[in-house]
1. Look at Leu471 and say whether it is within 26 Å of Tyr118 (Cβ to Cβ) and more than 27 Å from the chain's Cα centre (by Cα).
2. Being closer than 30 Å to Glu512 by Cα, surrounded by fewer than 21 Cβ atoms within 10 Å (Cβ to Cβ), of a type outside the set (Ser, Thr, Tyr) and touching a residue at least 60 places away in the same chain (Cβ under 8 Å): is that true of Ala454 here?
3. Just a yes or no: is a residue in segment 111-132 touching a Ser or Thr at 6+ places or on another chain (Cβ under 7 Å) and at pLDDT 95 or above?
4. Would you list the strands (runs of 3 or more DSSP E) that sit entirely within segment 90-163 and hold 2 or more residues that are closer than 15 Å to Ala177 by Cα and more than 20 Å from the chain's Cα centre (by Cα)?
5. Answer with yes or no whether Ile731 is surrounded by 20 or more Cβ atoms within 10 Å (Cβ to Cβ) and over 13 Å from Val627 (Cβ atoms).
6. Looking at this structure, is Arg209 surrounded by fewer than 17 Cβ atoms within 10 Å (Cβ to Cβ), of a type in the set (Lys, Arg) and touching a residue at least 12 places away in the same chain (Cβ under 8 Å)?
7. Among the residues of segment 317-326, are any assigned to a strand (DSSP E or B), of a type in the set (A, V, I, L, M), modelled with pLDDT of 95 or more and touching an Asp or Glu at 6+ places or on another chain (Cβ under 7 Å)?
Amino acid sequence: MKTDIYESKIFKVSRRDFLKSTSMSMTGLLLGINLSCSDTSKKLVGNPDYIFSPNLFISLNGNGDVTLIAHRSEMGTGIRTSLPLVMADEMEADWSRVKVVQAVGDEKYGDQNTDGSYSVRMFFTPLRKAGATVRLLLEQAAANEWGVDVADCKANNHEVFHSSGKSLGFGYLAEKAAALPMPAEGSVKLKEPKDFKYITKQSSIVDLRDIVTGRAKFGLDNNHLPNTKIAVIKRNPEPGAGLKSFTSDNAVKVPGVLKVFTLDAPGFPTNFNKPLGGVVVVADNTWAALEGRKALDVTWSKGINADYNSLAYNGGMLNHAKAKGKVRRESGQIDKGLTSAKKIIEADYIVPLLSHTPMETPCALAHVHDNVCEVWAPVQDPQGVRKSLAEALGMDQKAVTVNITLLGGAFGRKSKPDFVVEAALISRTMGTPIKILWTREDDIQHDFYHFPAAQHLKVGIDENNKVTSWLHRSVFPPIGGTSDANSKEASGAELSMGMIDLPYAIENVCCETHESPAKIRIGWLRSVANIHHAFAVGCTLDEVAKARGVDPIQNVLDLLGNDRTIDFNSLTSEFWNYNEKLEDYPWSTARFRNVIETAKEKSNWGKNLPKGSGQGFAAHRSFLTYVACVVEVKVDANNKIRIPKVDYVVDCGVPVNPERIKAQFEGGAAFAASLALKSEITVKNGAVEQSNFHNYQVGRMSDSPYETAVHIIESNEKPTGVGEPPVPPFIPALCNAIYAATGKRIRQLPVRLT
């Protein structure tokens with residue numbers, strides 16, 4: 001799908017097709033004032049009813065108003081702003097004349113799965129070309145009107161100007177541009193970076209006013225269909241396991257409860273697109289649905305994971321990590337290097353199960369009727385949802401419409417379609433629109449959790465104080481285990497998130513893994529395997545610096561060696577470069593070194609701090625973005641940890657929307673602090689023990705950094721991801737700062753100083 005987008009051609013769309021593709025989701029926000037200008041002396045306005053739609057993403061009407069399609073999901077990243085800004089900039093549109101409309105889930109838009117921090121990376125160039133094509137068509141239409149060479153015509157801020165000074169408005173030119181043939185691809189010229197008006201400039205998100213005034217529509221706000229009923233489900237505490245018996249006598253006595261029935265359990269592994277099953281309660285209102293669920297008397301069946309206890313499981317993973325495993329990357333002779341080492345650094349690391357816990361829990365509004373299915377939901381992967389709905393309902397995908405609302409947080413949870421499928425199946429049974437609700441307890445106890453991990457690292461330092469050997473074993477259940485019982489060992493992609501892509505110039509390197517089958521639903525959470533690999537590698541590097549007697553930042557710079565581009569494909573056949581070719585997105589130690597050295601400067605590294613305070617450092621490349629992080633902590637006499645300051649340095653290529661980059665890193669620091677200091681899911685007898693924020697802790701304001709400074713490297717390199725890269729280096733930098741402040745090494749999350 002992604003390759004198709006890169007190779008796609010710009011093409012014309014009929015007015016009918018454009019309206020058909022957007023009318024179902026006209027939820028965009030009209031920005032500024034609709035400037036229908038009465039001054040026709042400059043011919044700004046043409047036929048106000050005409051719509052010029054040269055491609056799927058852009059339309060221009062005779063009034064000069066522009067509609068841009070946002071085909072990715074907005075969950076706080078600003079993508080509904082950043083991608084339209086790219087088109088508007090190349091088109092030379094006046095941003096105040098632009099309306100952004102959310103696309104429905106449809107393959108014609110290319111890949112809509114808003115995951116993996118690749119929206120800007122994937123669509124930056126294609127959408128620039130789309131905007132530039134419209135600009136050229138408008139310039140050609142003006143040239144034809146004046147009988148001049150198109151080279152003498154230049155679009156600027158919603159008008160086309162001739163070198164003589166005369167001008168025509170976009171609205172006037174819309175119908176004339178539509179009559180022109182599409183220009184040859186080679187004739188479409190993209191702007192020089194120096195000419196950008198919106199790209200790389202500060203810009204507020206298009207939804208800002210609606211969000212802060214409460215008018216924005218999130219998934220939970222969907223109540224617009226007549227006769228909508230509310231549904232909740234009582235699920236087996238053991239994922240995938242079934243139902244032995246239930247009694248609904250008391251539930252149906254609750255005023256407002258309409259019906260109680262069952263959904264089949266999928267067994268284990270559950271897959272991503274199947275509901276967990278259980279007992280459904282449908283009611284006229286939320287209170288009745290929840291009270292009815294409380295009144296159910298249920299006896300659950302035991303499944304194959306009834307004996308799963310997470311603490312014992314994690315201990316077993318750690319035992320495996322201490323033993324020789326399957327080699328996934330190997331250079332030199334690790335055993336010989338370690339045997340001949342003068343100093344050995346050895347450490348074990350454990351990361352627990354983690355829950356996504358977005359502020360907006362999973363929810364969806366579904367209406368199955370007349371052999372069609374319509375849903376409104378906060379989803380990251382609308383095409384995946386559409387496919388899953390079609391399969392569950394036995395429908396053609398063309399009969400399924402997925403309308404995407406704003407997402408009140410997601411972090412990867414809302415890329416799974418299970419909760420939307422629940423709503424649709426219940427709607428079909430009831431014959432009415434159904435709004436499915438997940439409470440916080442549902443969310444925490446039935447998540448697709450971030451997998452637990454155990455790691456063992458052993459590093460050798462020779463008599464010349466040089467690091468010569470690096471052994472890294474990582475054990476965790478792969479995400480594939482959620483859908484395939486035979487998937488028991490980490491994939492190359494998961495290991496390329498901070499383990500087998502180790503960039504340091506060390507002679508003897510060995511990376512090993514062991515099998516570890518999934519026992520609960522697991523899935524990707526913000527930054528995925530980078531979380532635990534960066535934690536272990538970053539903290540171990542700090543220990544190596546201490547053993548070598550050198551500054552931690554200097555230690556990492558020493559290990560990087562000479563500036564070079566690393567060919568990881570020659571080091572391991574399993575290397576994965578986030579679905580990009582290494583020649584297109586090379587692994588550059590020079591760029592890595594630059595963010596590290598800049599972080600040292602910007603953070604005032606090594607400054608004098610009072611007792612109980614310390615600075616910690618870590619750096620990591622993930623999602624093709626280079627990040628260095630310095631965290632300052634203060635630990636009081638009661639072991640309460642405060643984070644006065646965080647300094648990030650980010651090289652994400654062209655910084656398309658700097659304001660959103662800063663926001664992502666500010667939020668990423670708070671998210672990572674929460675994971676490091678508070679969060680832990682435990683399982684006993686197959687069931688999650690936590691149920692709400694009283695026992696599944698998330699970071700409060702006092703746990704978050706008081707100040708987060710984000711320093712963005714100016715660059716003309718291809719843009720890369722920014723949603724997930726803030727998380728991996730923060731956690732080891734925090735733990736290293738705690739060591740600097742207290743002398744205590746942190747090797748297990750969440751951090752516990754007592």
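The values are calculated or read from the model by the stated rules, or taken from the named source; none is laboratory data. What you see is a predicted model; the values in this text were computed from it and never measured. Every residue, glycine among them, receives a Cβ derived from its backbone with ideal geometry; neighbour counts consider all protein chains shown.
1. no
2. Criteria not met by Ala454.
3. no
4. Counting at least 2 such residues, we get 153-156, 159-162.
5. The answer is no for Ile731.
6. On the way: surrounded by fewer than 17 Cβ atoms within 10 Å (Cβ to Cβ): yes; of a type in the set (Lys, Arg): yes; touching a residue at least 12 places away in the same chain (Cβ under 8 Å): yes.
Judged against the criteria, Arg209 is a match.
7. Of all residues in segment 317-326, those assigned to a strand (DSSP E or B) come to 326.
From what's left, of a type in the set (A, V, I, L, M): none.
No, segment 317-326 has no match at all.
Residue by residue, here is whether (1) without any contact (Cβ under 8 Å) to a residue 12 or more places away in the chain; (2) not assigned by TED's automatic domain parsing to the domain that holds Asp501; (3) not aliphatic (A, V, I, L, M) holds:
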{"site": "Thr299", "(1), (2), (3)": "no, yes, yes"}
{"site": "Met317", "(1), (2), (3)": "no, no, no"}
{"site": "His320", "(1), (2), (3)": "no, no, yes"}
{"site": "Lys324", "(1), (2), (3)": "no, no, yes"}
{"site": "Val327", "(1), (2), (3)": "no, no, no"}
{"site": "Glu330", "(1), (2), (3)": "no, no, yes"}
{"site": "Gln333", "(1), (2), (3)": "no, no, yes"}
{"site": "Lys336", "(1), (2), (3)": "no, no, yes"}
{"site": "Thr339", "(1), (2), (3)": "yes, no, yes"}
